[in-house]
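Before any comments, here is the structure.
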Amino acid sequence: MGGMRAIEWAVMGPERIGAAVVLSVGAAATADQIGWCAPQLAAIRGDARWRGGDYYGAGPGDGPHVGIGIARRIGHLSYRSAREMDMRFGREGQAGEDPLGDGRYAVESYLDHHAEKLARRFDANTYVALTEAMNSHDVGRGRGGVREALGTIQVPLVVGGVTSDRLYPRRLQMEIAEGVPTCDGVREIRSPHGHDGFLIETEAVGAIVREALERSLTSADEHPDDQRQVV
């Protein structure tokens, strides 16, 4: 969602922005992304403890924890790459368990762990609201379309994408780079980790942020009276 907000701000408030970093995102949510989100929302809303979103007074710790756990499992797979899953887990069983009996594969245990961790600390209504907000992302809405909106961006924009990202593939960053006059291509973050590579590959991301800061300083020199920020 950070990249969505950055590109929106670059269109809305150029007078407040010295430069923008747009990582691992597109100019508008795609059908594939909305499709990944659909079963996540269905899992939460299909939980008997969802109660139409009004579960807060049901009791201590009550709520659609099973549903949000399923949603997290689906979402987490989309954040990682198929190659990483194969490299890390293959077809191995979880330690001490037999997946050919009633045990789990190691990758199932991994997803269970992340599901349980999120269910304990994250509110289901918040998960739904954030997911629906990302589904509605479209920088071109009310602005004549994506191409028209991107063409209005005048602040320095540094765009980066993860090579193995299957949720926000590189073609989406290329669309942004090709449509924004101040952008000169896509900075590749080479990683096997999928979408989450932008959180893991700190050196590569750091280089992109440094480039944006340098461009922001240049912008500040050109506009000494402005109080612009990097987003």
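Using only alpha carbon pairs under 8 Å that are at least six residues apart, calculate the relative contact order of the chain and give it in whole percent.
30 percent
Could you work out which residue, out of G18, G194, G206, moves most in a Gaussian network model of the chain, that is, has the largest mean-square fluctuation with Cα springs under 10 Å?
Maximum among the listed residues: G206.
Taking the chain as the reference, fit the longest principal axis to its C-alpha atoms, fit the long axis of helix 170-179 to the helix C-alpha atoms, and give the angle between the two in degrees, 0 to 90, nearest 10.
Roughly 20 degrees between the two axes.
By average Cβ neighbour count within 10 Å, what is the ranking of 86-92, 24-30 from highest down?
Values: 86-92: 12.0, 24-30: 22.7.
Per-residue Cβ counts within 10 Å, averaged per peptide and sorted highest first, yield 24-30, 86-92.
Could you tally the net charge around G179, taking each other residue with its Cβ under 10 Å from the Cβ of G179, Lys/Arg +1 and Asp/Glu -1?
Result for the local shell: -2.
I need the fraction of alpha carbon pairs in region 135-195 separated by more than 15 Å, rounded to a whole percent.
Above the 15 Å cut-off, region 135-195 has 54 percent of its Cα pairs.
Report, to the nearest 10°, how far helix 65-79 tilts away from the longest principal axis of the Cα atoms in the chain, using its own Cα long axis and a range of 0 to 90°.
That helix lies at roughly 50 degrees to the long axis.
Could you tell me the center-to-center distance, by alpha carbons, between region 130-199 and region 35-107 in angstrom?
The distance from the Cα centre of region 130-199 to that of region 35-107 comes to 28 Å.
How large is Rg/Rh for the chain, to two decimals, with Cα atoms and a Kirkwood Rh? If you can, show how the numbers build up before the last one.
Details: Rg = 20.4 Å, Rh = 19.6 Å.
Rounded to two decimals, Rg/Rh equals 1.04.
For a quick protection proxy, order the peptides 171-182, 62-73, 96-107 by their average other-Cβ count within 10 Å, most packed first.
My ranking of the peptides, most packed first, is 62-73, 171-182, 96-107.
For region 32-134, what is the charge dipole size about the Cα centre, in debye to the nearest 20, if Lys and Arg each add +1 at the Cβ and Asp and Glu each add -1 at the Cβ?
Roughly 220 debye, rounded to the nearest 20.
Give the Cα extents of region 32-134 along the principal axes, in whole Å, largest first.
41, 32, 20
Once you charge only the Cβ atoms, +1 for Lys and Arg and -1 for Asp and Glu, what is the size of the charge dipole of the chain about its Cα centre, to the nearest 20 debye? Let's see the in-between values first.
Details: 26 positive and 33 negative charges, 77 e Å.
Charge dipole, the chain, about its Cα centre: 360 debye, nearest 20.
So if R0 is 25 Å, what FRET efficiency would E188 and D32 give, r being the distance between their Cβ atoms, rounded to the nearest 0.05?
With a Förster radius of 25 Å, E is 0.75.
Got the relative contact order for region 32-134 handy, in percent, Cα pairs under 8 Å and 6 or more residues apart? Write out the running numbers ahead of the final one.
Values: 103 pairs, mean separation 29.4, N = 103.
Result for region 32-134 is 29 percent.
Using only Cα atoms and rounding to the nearest 10 degrees, what angle (0 to 90) does helix 2-12 make with the longest principal axis of the chain?
30 degrees
No value in this document is a laboratory result; all are computed from the given coordinates. As the structure is a computational prediction, the values presented were derived from the model and not from experiment. When we count neighbours, we look across all protein chains shown, and the Cβ atoms used for this are built from the backbone with ideal geometry, even at glycine.
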